1. Please compute the modelled spin-label separation between Arg23 and Val82, points set 7 Å along Cα→Cβ, answer in nm with one decimal.
2. In nm, to one decimal, how far is the modelled label at Val11 from the one at Met71, with both set 7 Å along Cα→Cβ?
3. Pop a pseudo-label 7 angstrom from the Cα along the beta-carbon direction at both Val39 and Lys109 and give the gap in nm to one decimal.
4. Heavy atoms only, probe 1.4 angstrom, no DNA, RNA or ligands counted: give me Thr116, Thr70, Thr84 ranked by accessible area, highest first.
5. Within 10 Å, count the other beta carbons around each residue, average over each peptide in 87-100, 14-27, and list them highest first.
Amino acid sequence: MFGLMLSCGTVATLMIVGYAMKRKGFRGGRKAYAAALGVSSLLVLTGAVLALTSGASFAAGEAAAAKEITMGAGLGFIAAAVATSIACLGAGFAVANVGAAALGLVGEKPEMLGTTLIYLGLAEGIAIYGVIISLLIIQRL
């Protein structure tokens, strides 16, 4: 439970700090962005590991009929999370690039809006593929 609270707290704190920095007009460079991304990734990963490992010790104290969480299951959950996160990051980069190009094209030729939406949908499909792979991994556990 502590690991889950650590992960959620990290995300919420970074959202609040980012909003406050945006309102004050902070113009940070790449170093500030890289430091925030590194710290948040480390805290979220630590929270995930704590959440997965504390479940194994908690399950040991429950009734014998309960399914035991093994190290392999924990690594499977981590693999599912990594598959989804990498796919979503890839989709984010794809949508950023395709969206910028689509805005430029629609600005010059407004009749091309439908075509650009198709390309944006294809870029978003990358994230859906990651979720499908995660569901397949979790199904095998």
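The values are calculated or read from the model by the stated rules, or taken from the named source; none is laboratory data. Small disclaimer: the values here were computed from a predicted structure and weren't measured. Don't worry about glycine lacking a Cβ; one is built from the backbone with ideal geometry, like all the others, and counts go over all protein chains shown. The protein model used for the area step is the full one, side chains on, heavy atoms only, and it has no ligands, DNA or RNA in it. Shrake-Rupley method; radii C 1.70, N 1.55, O 1.52, S 1.80 Å.
1. Those two pseudo-labels are separated by 3.9 nm.
2. For Val11 paired with Met71, the spin-label model returns 2.8 nm.
3. 4.7
4. Values: Thr116 10, Thr70 75, Thr84 35 Å².
From most exposed to least exposed: Thr70, Thr84, Thr116.
5. Details: 87-100: 14.9, 14-27: 10.3.
Top of the packing list down: 87-100, 14-27.
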